[in-house]
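Since every read-out is calculated from the coordinates, none of them should be taken as a lab result. If you're wondering where the values come from, they're calculated on a predicted model, not measured in any experiment.
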Amino acid sequence: MAYRSHRLLGLLGMATLACIPGQQASAYLYWSPPNLAGAPARGDEPGIGMPMPGATPAELQAHLLWNMRSGLNVAALQCQFSPILRTVPNYNNILNQHGKELASAYKALSGYFKRTGDKKTWQTELDQYTTRTYNGFSTMHAQLSFCDTAASIGREALSRPKGELWKTAETRMREFRNSLVPIGDPALAARPLVATRILPPLDPQCWDNKDRLKKKCAAAMPQMPGASATTAALPYSL
């Protein structure tokens with residue numbers, strides 16, 4: 001009975017930890033999350049998004065905001081393999097909480113294409129801009145870093161008061177773009193994988209009638225770092 005009580009308390013403790021926002025999700029995909037942070041963005045830097053020649057500061061801010069929204073939307077689709085990241089509910093909550101600011105950003109972008117484009121084709125140009133912005137966040141080989149970063153940005157976005165979502169876009173867009181480049185776990189990169197044992201040769205001539213490895217074959221085997229010739233010559237039993 002005491003064993004069951006202790007076990008139940010342990011499970012309850014684990015459940016409580018799992019419910020603390022950000023405690024596990026922030027380190028769920030990596031032992032040591034890579035540092036992808038970058039300087040704040042204005043919106044007209046190369047690699048942040050589609051070119052916006054002649055855009056005003058307000059239009060560039062809308063451009064940043066729409067890029068972040070697009071990336072979080074793609075994450076909601078691509079990162080469902082890890083429900084603990086909450087990319088789907090966080091994205092839906094962002095739309096509800098910051099819908100007015102996002103609508104204003106889309107209106108500003110529409111105004112930009114009306115102002116700088118052809119009167120007959122500006123809507124097509126806006127649609128192409130939106131499609132290419134979404135496609136710019138599609139990734140396969142960098143899915144882990146992208147999803148990990150998107151989850152973090154989504155949590156920060158929900159912590160912003162209404163009308164201040166643009167601040168997250170400004171401070172996190174370089175990081176969001178950096179997450180699309182494949183990168184490994186720094187903790188694993190510092191610990192190179194090595195073989196734990198070198199298999200003996202399978203040539204029948206290397207074994208005697210008692211299934212013992214002959215010394216000449218043992219001596220010819222490659223050695224692991226730190227292994228001695230005596231270790232390599234020890235009999236094997238398969």
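Which number gives the lysine pairs in segment 21-184 that have C-alpha atoms under 23 Å apart and are eight or more places apart or on different chains?
Details: K100/K114; K100/K162; K100/K167; K107/K119; K107/K120; K107/K162; K107/K167.
Going through segment 21-184 pair by pair, I get 7.
Pull out a ≥ b ≥ c, the square roots of the eigenvalues of the alpha-carbon gyration tensor of segment 100-150, then state rounded if a/c is under 1.5, prolate if not and a/b is larger than b/c, and oblate in the remaining case.
Details: a/c = 4.87, a/b = 2.00, b/c = 2.44.
Note, shape of segment 100-150 comes out oblate.
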So, for the Cα atoms of segment 21-184, Rg and Dmax in Å stand at 15.6, 53
Below 8 Å between Cα atoms, with a sequence gap of 6+, how large is the relative contact order for segment 21-184 in percent? 38
